[in-house]
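Working notes, beginning with the structure itself.
The values are calculated or read from the model by the stated rules, or taken from the named source; none is laboratory data. Fair warning: this is a prediction, and the values are worked out from it, not measured in the lab. Quick reminder, even Gly has a Cβ in these numbers, built from the backbone with ideal geometry, and neighbours come from all protein chains shown.
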(Lines give C-alpha, C1' and ligand atoms only; values in the text may rest on other atoms or scores of the structure.)
Protein backbone atom coordinates (compact mmCIF):
# COMPACT_ATOMS: atom_id res chain seq x y z
CA UNK A 1 0.00 0.00 0.00
CA UNK A 2 1.46 3.37 -0.98
CA UNK A 3 1.10 6.49 1.14
CA UNK A 4 -1.80 7.92 -0.86
CA UNK A 5 -3.81 4.72 -0.46
CA UNK A 6 -3.02 4.54 3.24
CA UNK A 7 -4.00 8.16 3.75
CA UNK A 8 -7.38 7.64 2.06
CA UNK A 9 -8.13 4.79 4.48
CA UNK A 10 -6.81 6.76 7.45
CA UNK A 11 -8.96 9.77 6.52
CA UNK A 12 -12.00 7.50 6.47
CA UNK A 13 -11.12 6.14 9.90
CA UNK A 14 -10.63 9.61 11.33
CA UNK A 15 -13.87 10.93 9.86
CA UNK A 16 -15.90 8.01 11.21
CA UNK A 17 -14.39 8.13 14.73
CA UNK A 18 -15.78 9.94 17.76
CA UNK A 19 -12.38 10.83 19.16
CA UNK A 20 -8.85 10.53 17.85
CA UNK A 21 -5.87 9.87 20.12
CA UNK A 22 -2.29 10.09 18.85
CA UNK A 23 0.35 8.09 20.69
CA UNK A 24 4.08 8.67 20.29
CA UNK A 25 6.31 6.08 21.91
CA UNK A 26 7.16 6.05 25.61
CA UNK A 27 9.70 8.78 26.38
CA UNK A 28 8.97 10.60 23.13
CA UNK A 29 11.91 12.07 21.23
CA UNK A 30 12.06 14.84 18.63
CA UNK A 31 10.90 12.58 15.81
CA UNK A 32 7.96 11.12 17.74
CA UNK A 33 6.86 14.52 19.05
CA UNK A 34 7.15 16.33 15.70
CA UNK A 35 5.32 13.56 13.84
CA UNK A 36 2.55 13.52 16.46
CA UNK A 37 2.07 17.29 16.16
CA UNK A 38 1.91 16.99 12.36
CA UNK A 39 -0.62 14.16 12.64
CA UNK A 40 -2.80 16.30 14.90
CA UNK A 41 -2.94 18.96 12.17
CA UNK A 42 -4.12 16.39 9.64
CA UNK A 43 -6.86 15.29 12.03
CA UNK A 44 -7.93 18.91 12.56
CA UNK A 45 -8.09 19.38 8.78
CA UNK A 46 -10.83 16.73 8.85
CA UNK A 47 -12.74 18.68 11.54
CA UNK A 48 -11.90 16.26 14.34
CA UNK A 49 -10.20 17.01 17.64
CA UNK A 50 -6.89 15.22 18.11
CA UNK A 51 -5.38 14.41 21.51
CA UNK A 52 -1.65 13.71 21.69
CA UNK A 53 -1.08 11.33 24.58
CA UNK A 54 2.07 11.97 26.60
CA UNK A 55 3.72 9.94 29.35
CA UNK A 56 4.49 11.39 32.75
CA UNK A 57 8.08 12.27 31.91
CA UNK A 58 7.74 15.86 30.62
CA UNK A 59 10.13 17.13 33.29
CA UNK A 60 12.78 14.70 32.05
CA UNK A 61 12.69 16.03 28.49
CA UNK A 62 15.68 17.81 27.04
CA UNK A 63 15.31 21.59 26.92
CA UNK A 64 14.81 21.60 23.15
CA UNK A 65 12.00 19.06 23.48
CA UNK A 66 10.37 21.14 26.20
CA UNK A 67 10.55 24.17 23.92
CA UNK A 68 8.72 22.34 21.13
CA UNK A 69 6.18 20.87 23.54
CA UNK A 70 5.38 24.25 25.12
CA UNK A 71 5.16 26.01 21.75
CA UNK A 72 3.02 23.27 20.22
CA UNK A 73 0.43 23.53 22.99
CA UNK A 74 -0.86 26.56 21.07
CA UNK A 75 -1.82 24.41 18.08
CA UNK A 76 -2.21 20.85 19.41
CA UNK A 77 -4.06 19.33 22.36
CA UNK A 78 -1.90 17.29 24.74
CA UNK A 79 -3.21 15.00 27.46
CA UNK A 80 -1.50 12.61 29.85
CA UNK A 81 -2.03 8.87 29.65
CA UNK A 82 -4.03 8.74 32.89
CA UNK A 83 -6.76 10.87 31.24
CA UNK A 84 -7.27 8.68 28.18
CA UNK A 85 -9.47 6.02 29.77
CA UNK A 86 -11.84 8.71 31.03
CA UNK A 87 -12.19 10.12 27.52
CA UNK A 88 -12.44 6.88 25.54
CA UNK A 89 -15.64 6.17 23.63
CA UNK A 90 -16.79 2.98 21.92
CA UNK A 91 -15.75 4.54 18.62
CA UNK A 92 -12.32 5.98 19.43
CA UNK A 93 -9.33 5.79 17.09
CA UNK A 94 -5.70 5.45 18.17
CA UNK A 95 -2.94 6.51 15.79
CA UNK A 96 0.45 5.14 16.87
CA UNK A 97 3.28 7.33 15.55
CA UNK A 98 7.00 6.51 15.35
CA UNK A 99 6.46 3.09 16.92
CA UNK A 100 4.52 -0.09 16.29
CA UNK A 101 5.06 -2.21 19.40
CA UNK A 102 2.40 -2.85 22.03
CA UNK A 103 4.88 -2.23 24.85
CA UNK A 104 6.08 1.12 23.45
CA UNK A 105 2.79 2.98 23.41
CA UNK A 106 1.69 4.98 26.43
CA UNK A 107 -1.76 3.44 25.83
CA UNK A 108 -0.57 -0.16 26.18
CA UNK A 109 -2.79 -1.03 29.16
CA UNK A 110 -6.02 -0.23 27.32
CA UNK A 111 -5.25 -0.94 23.65
CA UNK A 112 -8.14 -3.41 23.48
CA UNK A 113 -10.59 -0.59 24.16
CA UNK A 114 -9.92 1.09 20.84
CA UNK A 115 -12.27 0.18 18.01
CA UNK A 116 -9.57 0.98 15.46
CA UNK A 117 -5.80 1.47 15.59
CA UNK A 118 -3.57 2.85 12.84
CA UNK A 119 0.23 2.76 12.74
CA UNK A 120 2.66 5.17 11.06
CA UNK A 121 6.27 4.14 11.62
CA UNK A 122 9.74 3.55 10.19
CA UNK A 123 10.82 0.68 12.47
CA UNK A 124 10.61 -3.00 11.53
CA UNK A 125 7.52 -4.93 12.60
CA UNK A 126 7.78 -8.17 14.59
CA UNK A 127 5.75 -10.42 16.88
CA UNK A 128 5.14 -7.52 19.27
CA UNK A 129 3.69 -5.23 16.62
CA UNK A 130 0.18 -3.97 17.36
CA UNK A 131 -2.30 -6.09 15.42
CA UNK A 132 -4.21 -3.93 12.93
CA UNK A 133 -5.00 -3.81 9.23
CA UNK A 134 -4.24 -0.10 9.13
CA UNK A 135 -0.50 0.30 9.11
CA UNK A 136 2.09 2.19 7.13
CA UNK A 137 5.47 0.88 8.24
CA UNK A 138 8.46 1.89 6.10
CA UNK A 139 11.79 0.83 7.67
CA UNK A 140 13.76 2.22 4.72
CA UNK A 141 12.65 5.77 5.45
CA UNK A 142 14.67 7.96 7.78
CA UNK A 143 11.99 8.93 10.27
CA UNK A 144 8.33 9.34 11.10
CA UNK A 145 8.83 13.04 10.44
CA UNK A 146 9.74 12.28 6.83
CA UNK A 147 6.51 10.31 6.42
CA UNK A 148 4.36 12.96 8.11
CA UNK A 149 5.84 15.72 5.95
CA UNK A 150 4.54 13.93 2.88
CA UNK A 151 1.19 13.33 4.58
CA UNK A 152 0.86 17.04 5.40
CA UNK A 153 1.53 17.90 1.77
CA UNK A 154 -1.01 15.32 0.57
CA UNK A 155 -3.55 16.78 3.00
CA UNK A 156 -2.93 20.36 1.82
CA UNK A 157 -2.22 21.35 5.42
CA UNK A 158 -0.31 24.60 5.71
CA UNK A 159 3.22 23.92 6.93
CA UNK A 160 4.37 26.96 8.90
CA UNK A 161 8.04 27.69 9.51
CA UNK A 162 7.57 26.46 13.07
CA UNK A 163 6.12 23.10 11.99
CA UNK A 164 8.88 22.82 9.39
CA UNK A 165 11.46 23.32 12.15
CA UNK A 166 9.88 20.59 14.28
CA UNK A 167 9.85 18.08 11.41
CA UNK A 168 13.43 18.97 10.45
CA UNK A 169 14.42 18.35 14.08
CA UNK A 170 12.84 14.89 13.89
CA UNK A 171 14.76 14.05 10.72
CA UNK A 172 17.92 15.66 12.11
CA UNK A 173 17.77 13.37 15.15
CA UNK A 174 17.04 10.12 13.36
CA UNK A 175 19.65 10.67 10.65
CA UNK A 176 22.35 11.77 13.10
CA UNK A 177 22.47 15.30 11.68
CA UNK A 178 21.54 14.19 8.15
CA UNK A 179 24.57 11.87 7.92
CA UNK A 180 23.04 8.36 8.01
CA UNK A 181 20.00 6.71 6.44
CA UNK A 182 19.39 9.97 4.56
CA UNK A 183 18.25 8.88 1.09
CA UNK A 184 17.64 11.08 -1.92
CA UNK A 185 13.99 11.16 -0.86
CA UNK A 186 15.01 12.27 2.63
CA UNK A 187 17.05 15.12 1.19
CA UNK A 188 14.11 16.11 -1.00
CA UNK A 189 11.92 16.21 2.12
CA UNK A 190 14.48 18.41 3.89
CA UNK A 191 14.47 20.73 0.88
CA UNK A 192 10.66 20.94 0.92
CA UNK A 193 10.70 21.84 4.61
CA UNK A 194 13.31 24.57 4.12
CA UNK A 195 11.15 25.93 1.28
CA UNK A 196 8.33 26.16 3.85
CA UNK A 197 10.52 28.32 6.09
CA UNK A 198 12.35 25.73 8.15
CA UNK A 199 15.87 26.76 9.12
CA UNK A 200 18.67 24.37 10.01
CA UNK A 201 20.25 26.99 12.29
CA UNK A 202 17.09 27.11 14.43
CA UNK A 203 16.87 23.32 14.41
CA UNK A 204 20.42 22.91 15.72
CA UNK A 205 19.54 25.27 18.57
CA UNK A 206 17.07 22.65 19.82
CA UNK A 207 20.00 20.29 20.31
CA UNK A 208 22.23 22.58 22.35
CA UNK A 209 23.82 20.41 25.02
CA UNK A 210 23.80 20.94 28.75
CA UNK A 211 27.44 20.93 29.92
CA UNK A 212 26.98 18.26 32.60
CA UNK A 213 24.98 16.02 30.25
CA UNK A 214 27.70 16.34 27.62
CA UNK A 215 30.37 15.38 30.16
CA UNK A 216 28.28 12.37 31.15
CA UNK A 217 27.99 11.28 27.52
CA UNK A 218 31.71 11.74 26.87
CA UNK A 219 32.52 9.75 30.00
CA UNK A 220 30.57 6.80 28.62
CA UNK A 221 32.22 7.23 25.21
CA UNK A 222 35.59 6.93 26.95
CA UNK A 223 34.58 3.48 28.23
CA UNK A 224 34.20 2.09 24.71
CA UNK A 225 35.70 -1.26 23.79
CA UNK A 226 35.73 -3.03 20.43
CA UNK A 227 34.11 -6.40 19.76
CA UNK A 228 35.85 -6.40 16.39
CA UNK A 229 37.78 -3.71 14.56
CA UNK A 230 34.49 -2.28 13.26
CA UNK A 231 32.02 -2.77 16.15
CA UNK A 232 32.16 -0.51 19.21
CA UNK A 233 30.43 -1.10 22.54
CA UNK A 234 30.26 1.54 25.28
CA UNK A 235 29.20 0.25 28.68
CA UNK A 236 29.08 1.79 32.14
CA UNK A 237 29.35 -0.90 34.78
CA UNK A 238 28.53 1.53 37.59
CA UNK A 239 25.10 2.38 39.00
CA UNK A 240 24.93 5.65 37.02
CA UNK A 241 21.47 6.20 35.53
CA UNK A 242 21.17 7.33 31.91
CA UNK A 243 18.23 8.42 29.81
CA UNK A 244 17.59 6.51 26.60
CA UNK A 245 18.36 9.74 24.74
CA UNK A 246 21.81 9.93 26.36
CA UNK A 247 22.59 6.37 25.34
CA UNK A 248 21.40 7.14 21.81
CA UNK A 249 23.76 10.12 21.67
CA UNK A 250 26.68 7.92 22.71
CA UNK A 251 25.87 5.39 19.97
CA UNK A 252 25.50 8.20 17.42
CA UNK A 253 28.74 9.82 18.52
CA UNK A 254 30.76 6.63 18.14
CA UNK A 255 29.41 6.09 14.63
CA UNK A 256 31.35 9.10 13.36
CA UNK A 257 34.69 7.31 13.58
CA UNK A 258 36.36 5.86 10.50
CA UNK A 259 36.01 2.09 9.97
CA UNK A 260 33.21 1.78 12.57
CA UNK A 261 30.23 -0.12 11.12
CA UNK A 262 28.04 -0.47 14.22
CA UNK A 263 27.88 0.93 17.74
CA UNK A 264 26.15 -0.08 20.98
CA UNK A 265 25.72 1.92 24.19
CA UNK A 266 24.65 0.14 27.41
CA UNK A 267 23.63 1.59 30.73
CA UNK A 268 21.06 1.61 33.49
CA UNK A 269 17.95 3.68 32.72
CA UNK A 270 16.24 2.55 35.90
CA UNK A 271 17.40 0.65 38.94
CA UNK A 272 16.21 -2.61 37.38
CA UNK A 273 16.26 -1.78 33.65
CA UNK A 274 19.28 -1.93 31.35
CA UNK A 275 18.88 -0.15 28.02
CA UNK A 276 20.85 -0.61 24.82
CA UNK A 277 20.97 1.88 21.98
CA UNK A 278 22.36 0.59 18.68
CA UNK A 279 23.39 2.40 15.51
CA UNK A 280 24.77 1.23 12.17
CA UNK A 281 26.01 2.64 8.89
CA UNK A 282 24.06 -0.11 7.18
CA UNK A 283 26.66 -2.86 6.84
CA UNK A 284 25.41 -4.61 9.97
CA UNK A 285 21.66 -4.83 10.63
CA UNK A 286 21.44 -3.78 14.27
CA UNK A 287 17.71 -4.55 14.38
CA UNK A 288 18.53 -8.26 14.04
CA UNK A 289 20.81 -8.06 17.07
CA UNK A 290 18.35 -6.03 19.13
CA UNK A 291 15.45 -8.35 18.30
CA UNK A 292 17.48 -11.22 19.76
CA UNK A 293 17.92 -9.04 22.85
CA UNK A 294 14.16 -8.49 23.13
CA UNK A 295 14.02 -5.15 21.32
CA UNK A 296 13.74 -3.95 17.74
CA UNK A 297 14.17 -1.08 15.32
CA UNK A 298 15.53 -0.94 11.79
CA UNK A 299 18.88 -1.75 10.21
CA UNK A 300 20.31 1.69 11.03
CA UNK A 301 18.81 2.38 14.46
CA UNK A 302 17.54 -0.03 17.11
CA UNK A 303 17.22 -0.44 20.85
CA UNK A 304 16.34 -2.86 23.62
CA UNK A 305 15.46 -2.88 27.30
CA UNK A 306 16.39 -5.75 29.60
CA UNK A 307 14.94 -6.40 33.04
CA UNK A 308 16.18 -8.70 35.79
CA UNK A 309 19.76 -8.84 34.55
CA UNK A 310 23.12 -7.32 35.37
CA UNK A 311 25.20 -5.10 33.13
CA UNK A 312 27.90 -7.75 33.02
CA UNK A 313 25.49 -10.52 31.98
CA UNK A 314 23.79 -8.26 29.43
CA UNK A 315 27.15 -7.30 27.97
CA UNK A 316 28.17 -10.98 27.72
CA UNK A 317 24.88 -11.83 26.00
CA UNK A 318 25.29 -8.95 23.56
CA UNK A 319 28.84 -10.01 22.76
CA UNK A 320 27.68 -13.55 22.01
CA UNK A 321 25.05 -12.17 19.66
CA UNK A 322 27.46 -9.76 17.99
CA UNK A 323 30.31 -12.12 17.18
CA UNK A 324 28.29 -14.29 14.72
CA UNK A 325 26.77 -11.16 13.16
CA UNK A 326 30.18 -9.59 12.64
CA UNK A 327 31.58 -12.84 11.29
CA UNK A 328 28.67 -13.18 8.87
CA UNK A 329 29.27 -9.69 7.52
CA UNK A 330 33.05 -9.84 7.26
CA UNK A 331 33.12 -13.37 5.85
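Can you spot a residue in the stretch 240-255 that is in a strand (DSSP E or B) and surrounded by 22 or more Cβ atoms within 10 Å (Cβ to Cβ)? If you could, list the steps in order and put the result at the bottom.
Within the stretch 240-255, the first condition is being in a strand (DSSP E or B), and the residues that meet it are 241.
With surrounded by 22 or more Cβ atoms within 10 Å (Cβ to Cβ) added as a condition, the list becomes none.
No, the stretch 240-255 contains no residue that is in a strand (DSSP E or B) and surrounded by 22 or more Cβ atoms within 10 Å (Cβ to Cβ).
Here is a list of conditions, (1) in a loop (DSSP other than H, G, I, E, B); (2) without any contact (Cβ under 8 Å) to a residue 24 or more places away in the chain, and residue 109 meets all of them except one; can you say which number that is?
Single failed check for residue 109: (1).
For residues that are in a loop (DSSP other than H, G, I, E, B) and either touching a residue at least 40 places away in the same chain (Cβ under 8 Å) or touching a helix residue (DSSP H, G or I) at 6+ places or on another chain (Cβ under 7 Å) (or both), tally how many sit in the stretch 115-140. Walk me through how you get there before you give the answer.
Within the stretch 115-140, the first condition is being in a loop (DSSP other than H, G, I, E, B), and the residues that meet it are 115, 122-128, 130-133, 138-140.
This time we only want the ones that are either touching a residue at least 40 places away in the same chain (Cβ under 8 Å) or touching a helix residue (DSSP H, G or I) at 6+ places or on another chain (Cβ under 7 Å) (or both), so: 115, 122-124, 126, 128, 130, 138-140.
Matching residues across the stretch 115-140 total 10.
Where residues in the stretch 1-26 are out of contact with any strand residue (DSSP E or B) (no Cβ under 8 Å at 6 or more places or on another chain) and closer than 17 Å to residue 151 by Cα, which of them is surrounded by the most Cβ atoms within 10 Å (Cβ to Cβ)? Working first, answer last.
Of the residues in the stretch 1-26, the ones out of contact with any strand residue (DSSP E or B) (no Cβ under 8 Å at 6 or more places or on another chain) are 2, 4-5, 7-8, 11-12, 15-16.
Those left that are additionally closer than 17 Å to residue 151 by Cα: 2, 4-5, 7-8, 11-12, 15.
On the way: 2: 7, 4: 10, 5: 10, 7: 18, 8: 11, 11: 16, 12: 12, 15: 13.
It comes out as 7.
Take residue 328 and decide whether it is under 23 Å from residue 208 (Cα atoms), at pLDDT below 95 and not in a strand (DSSP E or B). I'd like the intermediate steps shown before the answer.
Details: under 23 Å from residue 208 (Cα atoms): no; at pLDDT below 95: yes; not in a strand (DSSP E or B): yes.
Against the criterion (under 23 Å from residue 208 (Cα atoms), at pLDDT below 95 and not in a strand (DSSP E or B)), residue 328 does not qualify.
Out of the stretch 191-238, which residues are more than 23 Å from residue 175 (Cβ to Cβ) and outside any helix (DSSP H, G or I)?
The first filter runs over the stretch 191-238 and keeps only residues more than 23 Å from residue 175 (Cβ to Cβ), leaving 211-212, 215-216, 219, 222-223, 225-229, 235-238.
Within the stretch 191-238, 222, 223, 225, 226, 227, 228, 229, 235, 236, 237, 238 meet the criteria.
Within the stretch 289-311, take every residue that is at negative phi and in a loop (DSSP other than H, G, I, E, B) and give me the one that is surrounded by the fewest Cβ atoms within 10 Å (Cβ to Cβ).
Taking the candidates together, the pick is 310.
Let's see how each residue does on (1) at pLDDT below 95; (2) surrounded by 15 or more Cβ atoms within 10 Å (Cβ to Cβ); (3) touching a strand residue (DSSP E or B) at 6+ places or on another chain (Cβ under 7 Å):
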position	(1), (2), (3)
80	yes, no, yes
84	yes, yes, yes
105	yes, yes, yes
110	yes, no, no
126	yes, no, yes
132	no, yes, yes
157	no, yes, no
161	no, no, no
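Looking only at the stretch 47-75, how many residues end up being modelled with pLDDT of 90 or more, within 16 Å of residue 31 (Cα to Cα) and either in contact with a strand residue (DSSP E or B) (Cβ under 9 Å, 6 or more places away or on another chain) or not assigned by TED's automatic domain parsing to the domain that holds residue 35 (or both)?
So the answer is 5.
Just for the stretch 266-283: of the residues that are touching a strand residue (DSSP E or B) at 6+ places or on another chain (Cβ under 6 Å) and surrounded by 22 or more Cβ atoms within 10 Å (Cβ to Cβ), which one is farthest from residue 219 (Cα to Cα)?
Applying the filter and picking the extreme gives 280.
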